[in-house]
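Okay, structure first, notes after.
The values are calculated or read from the model by the stated rules, or taken from the named source; none is laboratory data. Predicted model only: the values in this text are computed from it and were never measured. Counting neighbours? That spans all protein chains shown, and the Cβs are built from the backbone with ideal geometry, glycine included. The area values use the complete protein model at the heavy-atom level, side chains included, leaving out ligands, DNA and RNA. Shrake-Rupley method; radii C 1.70, N 1.55, O 1.52, S 1.80 Å.
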Amino acid sequence: MIMQTVSRAALTGFAADLGGTKTAAVRIENGKVVAHRVLTTDPNASPEAHIAAIGDELAQLGYNTNAPLGVAVAGRVDRAGAWHAVNRGTLSTIENFPLAQALNARFGDATCLNDAAAAALAEGVFGAGRHSDSFAYLTVSTGIGGGLVIGNRLLSSANGLAGHIGFVSSRFASGPCGCGRMATVESIAGGRGIAAAAAAAGFENMDARAVFAAAKGGQDWADRIIVTSAAAVAALIGDLTAILGLDTVAMGGSIGLAPEYIERVQNALNAEPELFRPDLVHVKLGHDGPLIGALAAHLRKETM
Ligand code: ADP
């Protein structure tokens with residue numbers, strides 16, 4: 001892997017972020033998003049249709065062939081540039097699609113990587129982890145994703161799986177996970193896991209947001225589910241710290257940023273010995289993280 005250091009001010013180009021619900025395309029100048037377009041992702045669309053949709057959005061933003069372009073996507077991107085769904089519930093049609101090849105054919109020169117890896121790179125180099133030597137980004141949303149930036153470098157593997165930290169086993173979990181494993185952190189602590197726990201407690205058809213509202217309204221059953229989610233995330237942070245010597249963890253995602261969630265994770269983390277307690281903060285780059293990270297990965301020649 002070749003890696004060049006790129007300052008934030010040197011980030012000029014385009015980026016796209018293809019998620020399970022939304023697809024964003026932006027123009028970035030000197031490290032700042034200056035123009036932004038967003039559309040609803042069709043989860044059943046073919047990969048070619050996703051690329052065409054990104055192309056249309058980029059054209060509206062003044063994209064010219066061969067301009068620097070980074071593309072962040074939900075799912076696993078291996079080092080050969082092939083794209084695979086990890087959770088079939090998110091993007092159902094993606095199986096071993098040659099994404100890098102298709103992007104290069106359509107746009108000339110582009111870099112693609114997993115969206116959480118892109119966000120981790122941006123946060124690790126320009127955001128909450130910019131002073132960190134051993135950094136984890138953690139997103140708690142429908143699922144749990146992440147990325148690791150060690151010594152200013154995004155940790156990667158040939159199969160593109162490195163950094164999928166939600167798929168680690170959890171002593172708090174017992175049910176199946178969308179990745180095919182059993183009893184993972186994601187299965188108990190992510191949005192789907194929280195909704196499943198609510199259903200198991202007799203509260204059908206409640207999503208995580210509704211469980212948070214019930215907890216705020218003083219419902220003990222809902223509070224217990226959120227406390228368990230936070231405890232599972234804290235244990236994950238302790239485990240990752242044992243492996244990687246983390247000094248900083250930045251948390252994002254709709255649940256990670258929900259009121260009082262980070263405090264609950266911190267409370268659980270406080271039960272760990274000091275050595276296993278990195279600084280826990282919110283992300284600094286918000287929704288721009290995956291976009292800035294994707295362009296940075298392109299300009300740094302750093303892929304998955
Ligand atoms: P995404 O973050 O993937 O765009 P959403 O924001 O719609 O998707 O929701 C992701 C998960 O976060 C869902 O499980 C949802 O119930 C939960 N969620 C969204 N907003 C909040 C909130 N304010 N408080 C708690 N949970 C939330």
Requested in this report: Take the alpha-carbon centre of region 117-152, take the same for region 193-259, and report the distance between them in whole Å.
Outcome: 19
Query raised in the report: What does the accessible area per residue of the chain come to in Å², with a 1.4 Å probe and no ligands, DNA or RNA counted?
Result: 43
Query - Protection proxy ranking, peptides 204-216, 222-234, 38-50, average beta carbon neighbours within 10 Å, highest first - result: 222-234, 204-216, 38-50
Report task. Which order do the peptides 63-72, 173-182, 260-269, 119-128 take when ranked by the mean count of other beta-carbon atoms within 10 Å per residue, highest first? Result -> 119-128, 63-72, 260-269, 173-182
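Considering only DSSP beta bridges where both residues belong to the chain, give the percentage that are antiparallel (nearest 5). Provide the component values of the computation, followed by the final result.
Working: 30 of 48 bridges.
Antiparallel bridges make up about 60 percent of those DSSP assigns within the chain.
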Requested in this report: Could you tell me which of rounded, prolate or oblate describes region 1-63, using a ≥ b ≥ c as the square roots of the eigenvalues of the alpha-carbon gyration tensor, with rounded for a/c under 1.5 and, failing that, prolate when a/b is larger than b/c and oblate otherwise?
Outcome: prolate
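Nothing charged except the Cβ atoms of Lys and Arg (+1) and of Asp and Glu (-1): what's the magnitude of the dipole of the chain about its Cα centre? Round to the nearest 20 debye. Present the calculation step by step, with values, prior to reporting the outcome.
Values: 22 positive and 26 negative charges, 54 e Å.
The dipole magnitude comes to about 260 debye.
Give the total of Lys-Lys pairs in the chain with Cα-Cα distances below 21 Å; include a pair only if its members are 8 or more places apart or on different chains.
On the way: LYS22/LYS32; LYS22/LYS284; LYS32/LYS284; LYS32/LYS301.
Count of close lysine pairs: 4.
Sort 140-146, 96-102, 244-250 for me by packing, meaning the mean count of neighbouring Cβ atoms within 10 Å per residue, highest on top.
Working: 140-146: 27.9, 96-102: 18.0, 244-250: 20.6.
The densest-packed peptide leads the list: 140-146, 244-250, 96-102.
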Query raised in the report: Comparing SER254, SER170, SER156, which has the greatest mean-square fluctuation in the GNM of the chain with Cα pairs linked when under 10 Å apart?
Result: SER254
Report task. Select from region 54-136 those trypsin sites (Lys or Arg not before Pro) which occupy a DSSP coil region and have at most 16 other Cβ atoms within 10 Å, ordered by residue number. Result -> ARG79, ARG88, ARG130
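Can you compute the equivalent ellipsoid semi-axes for region 130-283, i.e. the square root of 5 times each eigenvalue of the Cα gyration tensor, sorted largest first and rounded to whole Å? Kindly include the intermediate steps, with their values, before the conclusion.
Numbers: eigenvalues 133, 58, 33 Å².
Result for region 130-283: semi-axes of 26, 17, 13 Å.
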**Report entry** Heavy-atom accessible surface of region 105-245: percent carbon and sulfur, 1.4 Å
**Finding:** 52
**Report entry** Dipole of the chain, positive direction: furthest Cα of PRO259, GLY143, HIS84, with charges on the beta-carbon
**Finding:** HIS84
Query raised in the report: Taking the C-alpha atoms of region 99-219, how large are the radius of gyration and the largest Cα-Cα span, Dmax, in Å?
Result: 17.5, 55
Query raised in the report: For the chain, modelled as a GNM with alpha-carbon contacts under 10 angstrom, which of ASP17, ASP133, ASP78 fluctuates the most?
Result: ASP133
Query raised in the report: In the chain, what is the volume of the convex hull around the alpha carbon atoms, normalised per residue and reported in Å³?
Result: 119
